[in-house]
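What follows is one structure encoded as structure tokens, with my remarks underneath.
Every number in this text was worked out from the coordinates using simple rules, so none of it is lab data. Bear in mind that the values here come from a model prediction, so they are computed numbers and not experimental data. A quick note on method: Cβ atoms are made from the backbone with ideal geometry, for glycine too, and the neighbour counts reach across all protein chains shown.
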Amino acid sequence: MSTAADAVQAAGAILAAVAGGELTPAEGAHVMALVETYRRTLETTDLERRLAALEGHTR
């Protein structure tokens, strides 16, 4: 995953794996938690980059 949009695809794949019996609901929940944590990390990094760019333009 390199974008938040990739997290949507990952979530869909995880849900499909749970629905198809490839993962238990508990396993799916654990993997989803990892995806969500990574998505938040991407979001925070993007916000930090945007803020730095804005601050650089105002100086």
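Kindly indicate whether any position in segment 31-46 is in contact with a Gly (Cβ under 6 Å, 6 or more places away or on another chain), in contact (Cβ under 8 Å) with a residue 12 or more places away in the chain and surrounded by 13 or more Cβ atoms within 10 Å (Cβ to Cβ). Working first, answer last.
Taking segment 31-46 and keeping what is in contact with a Gly (Cβ under 6 Å, 6 or more places away or on another chain), we get none.
For segment 31-46, residues in contact with a Gly (Cβ under 6 Å, 6 or more places away or on another chain), in contact (Cβ under 8 Å) with a residue 12 or more places away in the chain and surrounded by 13 or more Cβ atoms within 10 Å (Cβ to Cβ): absent.
Scanning segment 1-39 for residues that are more than 9 Å from the chain's Cα centre (by Cα), part of a helix (DSSP H, G or I) and among the acidic types (Asp, Glu) yields a count of 1.
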